[in-house]
Amino acid sequence: MTIDLHSLVGPYALDVLEPDERTEFEAHLDSCPTCREEVDGFIATAVRLGEAVAQDPPDALRARILSAAATTPQERPTVVPMRRKRPLRSRAVGLVAAAAMAVAAVGVTGYVLEHQQLQDYQAQQSDVEAVMTAADAQIADTELSGGGTMRLVHSSKLDAAVVTVSSLPTLSDRVYQLWTMREGVPTSAGLLENSDMTYVSDVDGADQMAVTVEPAGGSAKPTSLPIGTVAL
Amino acid sequence: MPPTSVPSSPDDKRHLSSVDDAPALDLDDLLVRTARGDDQAFAALYDALGSSVHGLTRRLLRNPARAEEVTQEVFLQVWRTATRFDPERGRAKTWVLVLAHRRAVDAIRHDQAASDREDNYDWVGGPDHDVVSEEVIVNLEHEQVRRCMDGLTELQRESVNLAYYGGYTYPEVAELLDANLATVKTRMRDGLIRLRDCMGVTA
């Protein structure tokens with residue numbers, strides 16, 4: 001990349017960058033507090049431009065949206081991001097501490113929801129640990145083209161893998177998505193967040209895991225080229 | 001993010017006063033509550049931001065039916081991904097409007113790709129740019145924004161208009177304005193600096 005990234009501050013705030021440029025610029029923003037400040041002011045300015053053309057939606061739209069929301073599941077928050085480098089045996093302690101913090105943070109109304117999430121989370125953790133500690137576990141690391149790394153731990157015997165990404169540049173309104181590749185055919189294996197351990201079952205017959213950058217919420221099929229792949 | 005000193009448009013005020021149980025409407029709080037599955041908070045958020053979002057999708061997509069679809073997609077995305085909103089890092093209104101703009105631009109690109117597949121002739125991607133900018137200026141409801149837009153140079157104003165209200169990429173803006181890429185990038189930045197200062201936005 002030879003262009004001066006800072007010159008993209010205006011186009012970025014006006015939302016006119018292509019996805020790969022945007023990713024690159026956001027990585028730049030992370031390391032440039034001055035740019036961040038300017039971008040925040042520009043985005044606030046752009047929001048004013050948006051508000052200036054406000055127009056009432058049709059009344060019927062409100063009911064449609066509210067009833068659609070009523071049947072749409074919500075994304076779950078990342079309650080306890082796990083550190084990739086933390087030794088396995090310290091995780092249980094970290095989990096309990098994090099659970100206590102989560103409960104304290106959300107208060108009584110959020111407790112039931114958080115409690116359910118914690119149970120789901122714990123169930124997933126035992127799967128993760130099974131793979132991480134499998135006798136036949138194979139480990140492969142790769143650098144991702146937008147920055148950051150991906151580690152794949154794969155157990156043929158358990159027919160499962162655990163993928164961890166770290167140091168990925170933060171994206172606004174774009175997400176990292178993981179794919180299981182079978183002879184070039186991708187199947188989504190979920191969204192990736194830095195330091196999360198993503199458990200992937202049924203990897204039998206898969207030859208690669210790939211990561212792409214997708215619109216918020218993820219895609220049914222990849223809409224961009226992988227920023228990294230690891231062979232299984 | 002700056003403290004919100006944005007005066008509500010008349011439309012906003014009408015919506016706000018219709019929300020009975022939330023006199024001191026804090027949009028950040030509504031979005032945080034939405035993340036916890038509070039459908040009333042979500043409804044109040046829609047009442048507060050629906051006209052801003054819909055105005056933007058109408059402006060960008062032009063087709064009223066398509067704009068409605070995209071407005072719906074935007075709010076469902078807000079509902080689904082509200083947990084990602086962090087009030088420490090930004091304001092709810094900004095979060096929602098940035099998402100709305102992104103979604104509308106994605107829809108334009110998607111529609112254009114579909115149209116390109118169907119058509120054998122060159123699809124020009126929208127009306128002539130002079131028409132776009134003229135209409136934007138004529139229709140601006142917000143007096144302050146219009147006044148500040150008037151303070152820009154022609155090239156700054158056209159660059160900002162085509163980008164934000166037209167949903168063009170900056171190479172497309174450069175093509176439309178017959179200017180080089182570096183010039184367009186600079187005009188966008190200069191235009192935003194002037195607008196920011198004129199509107200008194202601080203960050």
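Observations on the model:
- The Kirkwood radius of the stretch A:138-231, taken over pairs of alpha-carbon atoms, gives through the Stokes-Einstein law at 20 °C and 1.002 mPa s a diffusion coefficient of 164 µm² s⁻¹.
- For the pair B:Arg109 and B:Asn180, the difference between a 0.36 nm per residue extended length and the Cα-Cα distance amounts to 23.3 nm.
- Shielding value for B:179-189 is 4, the average number of Cβ atoms from other chains within 10 Å of each residue's Cβ.
- Extension gain, A:Asp136 back to A:His6 (0.36 nm per residue minus Cα-Cα distance, nm): 42.1 nm
- Vicinal HN-Hα couplings computed from phi for the stretch B:51-62 (Karplus, 6.51 cos²θ - 1.76 cosθ + 1.60; Hz; Gly/Pro x): 6, 5, 5, 5, x, 5, 5, 5, 4, 7, 8, 6
- Spin-label pair A:Glu18/A:Glu183, simplified geometry with 7 Å Cα→Cβ offset, distance in nm: 3.2 nm
- For the stretch B:35-48, 3J(HN,Hα) per residue [Karplus equation, 6.51 cos²θ - 1.76 cosθ + 1.60, θ = phi - 60°, Hz, x = Gly/Pro]: 4, 8, x, 7, 6, 5, 5, 4, 4, 5, 5, 4, 4, 7
- Measuring nothing but how far apart in sequence close Cα pairs (under 8 Å, 6+ apart) lie, relative to its length, the stretch A:1-72 scores a relative contact order of 31 percent.
- Anisotropy class of the stretch A:5-85 from Cα gyration tensor, a/c 1.5 cut: oblate
We did not get these values from a lab; they are worked out from the coordinates using the rules stated. Keep in mind that what you see is a predicted model, and the values were worked out from it rather than measured. So basically every Cβ, Gly included, is an ideal-geometry build from the backbone, and we count neighbours across all protein chains shown.
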